[in-house]
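Notes for the one structure printed next.
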Amino acid sequence: MTRSIPVVITSAALVWLGLVHAPHAAVSGEPGESGPPAGAQAAAAKAGLTSRPFGKATTGTPVTLYTLTNAHGVEATITNYGGILVSMKTPDRRGAMGDVVLGFDALEGYLGKHPHFGALIGRYGNRIAKGAFSLDGKSYTLARNNGENALHGGLKGFDKVVWAAKPGTGGAAPSLELTYVSKDGEEGYPGTLTAIVVYTLTDANELRIDYRATTDAPTVVNLTNHSYFNLAGEGAGDVLDHELMLDADRFTPVDATLIPTGELRAVKGTPFDFTTATAIGARIGASDEQIAFGKGYDHNFVLNGTAGTLRLVARVREATSGRTMEVSTTEPACSSTRGTSWMGR
């Protein structure tokens, strides 16, 4: 039987399933001869929330690194700079712990340019065409930070701010509550918006991410986490052999600037069909316009099932380590990418 760590995302406006070409990751493995991870019983005594300094943001604001540890020794490390999931250490089939999330060991890496590794995205995840939208008869203009489009909240999105942090109060499992207040007009968005995100690591080996937002005026909001995973573990090669199951019969084709065309296209007969477990690299080189536009997979999948109900939508398995990741969500869509456009930079 496979032991897996479900990554449960309950209130995200968008689920981001990022699979990468190198380092860091999050999940547990199939049982091996060696049994549970070495030191797991000792780790139980250390279960909880700890913190340590992680440097200073460019504004001079102190930044903190928080580690959630469960009774099995699984660890999720988060910084309040950008709400970033910095690492997640989980056992492989032999009980050896490995980091399965792509990221940096020091804050300086996150202060520089990177493809939103592990970050909380807001006020609006993904692209807004031509950096403009209308709401209640009023037009709003945003920074165009991705060609002619606005991407992931703008020049200084929620991934580039220091969030207020405190221990969560939702139950016995260790949790971290992050709060950020985005003022009216910030990055061009209307209304003052208060975003609250809670990371919880359960003894069922679930990393749960809950999102809430309130506003004092009509606005748009689309929050998500932008983690990239490699279930083989840090430094263990690419993800092309990872097997992905994605419970989505349709996806949203995009134009050359990665803006959805409005069509909901069936995945059957295309390189986007992961309704049965398929190696990610099996069709990534296919001669297909959508593959060319996305430089691989950088698309939105329309999830099966009823939006608003928590349901399993994706499963990824890496055979060598035996690690399996399951993703559940209440939301109608999942954005899945294999990082190709930034590899080698």
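Once the Cβ-Cβ distance of Glu148 and Ala319 is raised to the sixth power relative to R0 = 45 Å, the FRET efficiency obtained is 0.60. Of the trypsin sites (Lys or Arg not before Pro) in segment 145-192, the ones in a loop by DSSP (not H, G, I, E or B) with at most 16 other beta carbons within 10 Å are Lys156, Lys183. Here the 3J(HN,Hα) profile of segment 108-124, calculated from phi with Karplus coefficients 6.51, -1.76 and 1.60 at θ = phi - 60°, is 3, x, 6, 6, x, 7, 7, x, 6, 3, x, 7, 7, 10, x, 6, 9 Hz, Gly and Pro shown as x.
Legend: ranking of residues Ile209, Ile291, Ile78, Ile259 from fewest to most surrounding C-beta atoms inside 10 Å; resulting order Ile259, Ile291, Ile209, Ile78.
Cut-off is 10 Å between beta-carbons; in what order do Thr141, Thr275, Thr324, Thr252 appear when sorted fewest neighbours first?
Working: Thr141 11, Thr275 14, Thr324 21, Thr252 18.
Ordered by Cβ neighbours within 10 Å, fewest first: Thr141, Thr275, Thr252, Thr324.
Name the long-range amide H neighbours of Arg323: under 5 Å, sequence gap of 5 or more, or other chain; modelled H, no Pro or chain starts. Amide H neighbours of Arg323, under 5 Å, 5+ apart: Glu30, Arg93, Glu318.
Across segment 319-324, computed HN-Hα scalar couplings (Karplus, 6.51 cos²θ - 1.76 cosθ + 1.60, θ = phi - 60°) run 5, 5, 7, x, 6, 10 Hz from first to last residue, x flagging Gly and Pro. Amide hydrogen proximity for Gly55: with H placed 1.01 Å from N in the peptide plane, the residues at 5 or more positions away or on another chain lying under 5 Å are Val63. Sparsely packed loop sites in segment 222-288 (the GluC sites (Glu not before Pro) outside DSSP H, G, I, E and B with at most 13 other Cβ atoms within 10 Å) comprise Glu263. In order along segment 206-214, the Karplus-derived 3J(HN,Hα) couplings, from 6.51 cos²θ - 1.76 cosθ + 1.60 at θ = phi - 60°, round to 9, 9, 9, 10, 10, 10, 9, 8, 10 Hz, and Gly and Pro are given as x.
Counting other Cβ atoms within 10 Å as a rough exposure proxy, the listed residues Ser336, Ser51, Ser134 run Ser134, Ser51, Ser336 from fewest neighbours to most. Label sites at Asp203 and Val220, each approximated as a point 7 angstrom past Cα along Cα to Cβ, lie 4.5 nm apart.
Every number here is computed from the coordinates shown, using simple stated rules; none is lab data. Not measured: the values here are computed from a predicted model. Reconstructed Cβ throughout: ideal geometry from the backbone, glycine too, with neighbour counts over all protein chains shown.
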